[in-house]
Number of protein chains: 2
Amino acid sequence: MHRLAHLQSIAGWDQAANMPAKGNEARALAMAEMDGVLHQMRTDASLQALLAAAEQESLDDDARANLREMKREWRASNALPQALVEAKSLAISRCEHAWRTQRPAQDWAGYAANLREVVKLQREEARLLAADNGLSLYDALMDRYEPGMTSAEVDRVFGDLRQWLPGLIQQVQARQAQQTTLQPVGPFPKAAQRALGHDVMSLLGFDFEAGRLDESAHPFCGGVPEDVRLTTRYREDSFMQSMTGTIHETGHARYEQNLPRELLGQPIAHSRSMGLHESQSLSFEMQLGCHPGFAKLLLPLLNKHIGESPAFEVENLTRLLTRVAPGYIRVDADEVTYPAHVILRYEIERALIEGEIEVDDIPALWDTKMMELLGIDTRGNFKDGCMQDVHWGAGLFGYFPCYTLGAMYAAQWFASMRRDMPDLDQRIASGDLNAVFDWLKANIWSQGSRFETPELVRRASGETLNPAYFRAHLESRYLA
Amino acid sequence: MHRLAHLQSIAGWDQAANMPAKGNEARALAMAEMDGVLHQMRTDASLQALLAAAEQESLDDDARANLREMKREWRASNALPQALVEAKSLAISRCEHAWRTQRPAQDWAGYAANLREVVKLQREEARLLAADNGLSLYDALMDRYEPGMTSAEVDRVFGDLRQWLPGLIQQVQARQAQQTTLQPVGPFPKAAQRALGHDVMSLLGFDFEAGRLDESAHPFCGGVPEDVRLTTRYREDSFMQSMTGTIHETGHARYEQNLPRELLGQPIAHSRSMGLHESQSLSFEMQLGCHPGFAKLLLPLLNKHIGESPAFEVENLTRLLTRVAPGYIRVDADEVTYPAHVILRYEIERALIEGEIEVDDIPALWDTKMMELLGIDTRGNFKDGCMQDVHWGAGLFGYFPCYTLGAMYAAQWFASMRRDMPDLDQRIASGDLNAVFDWLKANIWSQGSRFETPELVRRASGETLNPAYFRAHLESRYLA
């Protein structure tokens, strides 16, 4: 299954990065077929007895953890009939592919038609999973990405955030209004941005003999641990989006490239969860990538590929990287307003899965919540509104909370690093990024799925998820 | 199986066009696993009875032809144990991948070590296939690519060729020695060559919404009919190789893109055979691509992408395209010396499979035969000698004859076209390439595998394979 999933990963990456339009129907059918084959293997009738027998054996810690992960997957897979798995794969492929042209065309009606089919199948999946594991409908879907996390816990953490975040955003904006920040002026040719991206990835330790950087409509980190495929997208009027996006995906990539290699093919060699994965991309993009010490390291790369500019001086570059401004696009958001985007999506997708709203209600809800949370008017602007992400079209309901959980974990990692290494900030500024990478490798990357999330977090940082570190990080970086 | 093979095709293309070095071990294991899954499906125990029952049903012509193709595949697959299929896939992946660095490094010893394993497994495959279908060892392998063709027939056709080809090469060289031909002077930037390649493919009717052009060490046409993936390679000192290579692969591509679309997924929707496939690439590269009328069509594209040059004037360009000069590299060979490369490989691979020689004997035999057939000294030059092709490393024993059979079929198609359209040459010169494409589409592309090769050839041209057309074509183009 590990080997066959390799082909599925590469085909998925190719679909986003290379495939011409007329190839999609056949690709969707091929990937749905493979989903069906893998599902058949996961639900093979002989597995139940084998798993029960293994439970009785004397196992070492790794084998016991492998068995735990196998049982989790077995249980989730057996809750779903093969016809649903195949229908879902097909609906998702179609919806994602059409989205690529529907988004620039502002074709909400066309997208909604495909999305309704995906939502229908996701609700059915939620119903079956919930019936099996006793979770609520939404929690049953979130459990696919963040095992053990519940919406009660998300409500607690996000509820706290909703209290102080709007005030913090205002304070930071007021403070930054007094600063003068120079904007770099384009156009910035794609080839120069691509070369910059490669150099930044090298600075961040990406292994180009075990991966690539390409382009796609929506940036992602795909492929397999032995061959990680990052994508980004370029705008000629700004290089910051592709640069910070590439830094983000490189965080995902290093996690994958540094999973316990000797265990590849075993369940515990997998990354722990999507929240943990996002904690790596955000450790790179936000904790490290917006650090004033890191701006010093970026400067020579910017000079080399983009040119010389007063905008690239360290103080100004740091201001550019930490500029807080409510905007339309989640993936372009700064780390202070980003959680607002996530709260919005969480509230909508949870209501959608629990049947409180329908696909047709999304645009109006989006408009209301964007105004409420960020003071932004998105009416009629589907492209930069509810069609900006392909997560829902891709059936990733329950994924969005992982981003902000990841930001919280990332703040917790860096707080823990600073306890271990009081000179961490000087080390970063001096270019000793291995101080960060070695800590992440030892505590997160190399651990794979040996431990359940709370245990992994406790081992790495001395306590389970504590959102106070995220608040402290934002206040220290933006208000100190 | 059709859908799963789609993933295998894309992964194979990606392996050659994109994959970084460290990805290969996992890719090889993944593709071997899929070969095993497909083999298991092909040899499912229930199939024998189902095929026998289908044989008794009342079937229309297409269903009858599908059954014929299914039985052929069933029989060939059942002759091979799964362990051999997987071992072969693995050995081939490793050998092909290592060849990419071994070839430039002239590392014959390293390549030979991998090749010995491939040859061992190919001999075992030949033994099992031959035991099943009663063919000789070599014929059993050739039958995989050119069903129904025997080495007795190849000997007859190639034997005739060996008689008159050396004399013809000498005559053409003597004649061309009196001509002055201007050589275009580089360097030719890769980006310009790539843009030229795209325009030439468009001129030849390639559908870019259903395919792509990329780069790989060895040019090939991969992917699936709905999404054809061509590759080429660029040398900055010459654009002719990539241009003619691209024309060649576009012939393969148009065959694939125009297979009977409504039948895709059925065996009769497949291309007929590799000889027939090469007849399309050589119809494009040689019959059409070296035609003086086609040079007229190339001229504006060359001016656009490469620049203006007296070398591109139609008469000189035609001379460049029809320049006959014995050389090291098969894929760069002109159509007159090309068959000599094929005869050499045919003689070596046949002896290798039949156990008359071993892998270690290849270099000396290569040197002897290159001197004998083309008067060229290849001693010590593995890169441009026996390591130039990856066919053997890829386990494609029995494939090489298809190239020259294809050249013969292509000459037969154009002779048939000229009977149907006496003004064909004027039509080509006037840019009416649809005269050629429509004929190929009606007679070859849209026919898929409905008919066995001799019947397809007879329907298209009024008679079965007749090598006299190839000789007449060469004499008319090069000596008239």
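The values are calculated or read from the model by the stated rules, or taken from the named source; none is laboratory data. Model, not experiment: these values are computed from the prediction. As a convention, Cβ positions derive from the backbone with ideal geometry for all residues, glycine included, and neighbour counts pool all protein chains shown. Note: accessible area is taken over every heavy atom of the protein model, side chains too, but ligands, DNA and RNA are not part of it. Shrake-Rupley method; radii C 1.70, N 1.55, O 1.52, S 1.80 Å.
The table for this structure:
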quantity	calculated
Selection status of B:Ala54, away from chain A (no Cβ under 14 Å), of a type in the set (Gly, Ala, Ser), open to solvent by 50 Å² or more (accessible area, probe 1.4 Å) and without any contact (Cβ under 8 Å) to a residue 40 or more places away in the chain	no
Selected residue [charged (D, E, K, R) and touching a helix residue (DSSP H, G or I) at 6+ places or on another chain (Cβ under 7 Å)] from A:Glu285, A:Glu313	A:Glu285
Which listed residue, of B:Leu299, B:Leu317, is more than 30 Å from B:Pro401 (Cβ to Cβ), free of Cβ contacts under 8 Å to residues at least 24 places away in the same chain, touching a Lys or Arg at 6+ places or on another chain (Cβ under 9 Å) and not polar (S, T, N, Q)	B:Leu317
The range A:93-121, residues that are among the charged types (D, E, K, R) and under 16 Å from A:Ala28 (Cβ atoms)	A:Arg94, A:Glu96, A:Arg100, A:Glu117
Among (1) at the interface with chain B (Cβ under 7 Å from one of its Cβ atoms); (2) open to solvent by 20 Å² or more (accessible area, probe 1.4 Å) - the single one A:His6 does not satisfy	(2)
For B:Leu264: the one exception among (1) out of contact with any helix residue (DSSP H, G or I) (no Cβ under 6 Å at 6 or more places or on another chain); (2) within 14 Å of chain A (Cβ to nearest Cβ); (3) without any contact (Cβ under 8 Å) to a residue 24 or more places away in the chain	(3)
Candidate set: the range B:86-97, residues that are of a type in the set (A, V, I, L, M, F, W, C) and open to solvent by 20 Å² or more (accessible area, probe 1.4 Å); chosen: the one nearest to B:Asp360 (Cα to Cα)	B:Ile92
Residue within the range A:414-421 that is acidic (Asp, Glu), assigned by TED's automatic domain parsing to the domain that holds A:Ala468 and in contact (Cβ under 8 Å) with a residue 12 or more places away in the chain present	yes
In the range B:9-34, residue surrounded by the most Cβ atoms within 10 Å (Cβ to Cβ) [restricted to those that are at the interface with chain A (Cβ under 7 Å from one of its Cβ atoms) and closer than 26 Å to B:Ala269 by Cα]	B:Ile10
One residue from A:Glu335, A:Glu347 being assigned by TED's automatic domain parsing to the domain that holds A:Met408 and open to solvent by 40 Å² or more (accessible area, probe 1.4 Å)	A:Glu347
Qualifying residue in the range A:118-137 (condition: β-branched (Val, Ile, Thr) and over 25 Å from A:Ser216 (Cα atoms))	no
Residue within the range A:441-451 that is open to solvent by 50 Å² or more (accessible area, probe 1.4 Å) and more than 24 Å from the chain's Cα centre (by Cα) present	no
Test: residue in the range B:290-302 that is modelled with pLDDT under 95 and either surrounded by 22 or more Cβ atoms within 10 Å (Cβ to Cβ) or assigned to a helix (DSSP H, G or I) (or both)	yes
So A:Glu262, is it out of contact with any Cys (no Cβ under 9 Å at 6 or more places or on another chain), assigned by TED's automatic domain parsing to the domain that holds A:Ile329 and under 27 Å from A:Trp439 (Cα atoms)	yes
Odd one out for B:Ala325, checked against (1) aliphatic (A, V, I, L, M); (2) crowded, with 17+ Cβ neighbours inside 10 Å; (3) in contact (Cβ under 8 Å) with a residue 60 or more places away in the chain	(2)
So B:Ser46, is it open to solvent by 50 Å² or more (accessible area, probe 1.4 Å), hydroxyl-bearing (Ser, Thr, Tyr), away from chain A (no Cβ under 14 Å) and more than 25 Å from A:Leu29 (Cβ to Cβ)	no
Selection status of A:Met408, part of a helix (DSSP H, G or I) and buried (at least 22 other Cβ atoms within 10 Å of the Cβ)	yes
Filter pass, B:Ala468 being more than 29 Å from B:Leu165 (Cβ to Cβ) and free of Cβ contacts under 8 Å to residues at least 40 places away in the same chain	no
The range A:108-135, subset of a type in the set (Gly, Ala, Ser) and open to solvent by 50 Å² or more (accessible area, probe 1.4 Å), residue farthest from A:Arg72 (Cα to Cα)	A:Ala109
Residue count, the range B:188-232 (criterion: under 16 Å from the mean Cα position of the chain (by Cα), more than 14 Å from chain A (Cβ to nearest Cβ) and either charged (D, E, K, R) or open to solvent by 10 Å² or more (accessible area, probe 1.4 Å) (or both))	5
Failed criterion for A:Gln40 (all others in (1) surrounded by 15 or more Cβ atoms within 10 Å (Cβ to Cβ); (2) within 14 Å of chain B (Cβ to nearest Cβ); (3) farther than 29 Å from A:Gly211 by Cα hold)	(1)
Which listed residue is touching a residue at least 60 places away in the same chain (Cβ under 8 Å), within 27 Å of the chain's Cα centre (by Cα) and not assigned by TED's automatic domain parsing to the domain that holds B:Ser273, from B:Asn24, B:Asn78	B:Asn24
Verdict on A:Ala152 being over 21 Å from A:Gly393 (Cα atoms) and free of Cβ contacts under 8 Å to residues at least 40 places away in the same chain	yes
Qualifying positions in the range A:137-154 - more than 18 Å from A:Ser89 (Cβ to Cβ) and buried (at least 17 other Cβ atoms within 10 Å of the Cβ)	A:Leu137, A:Tyr138, A:Asp139, A:Ala140, A:Met142, A:Asp143, A:Glu146, A:Pro147, A:Met149, A:Ser151, A:Val154
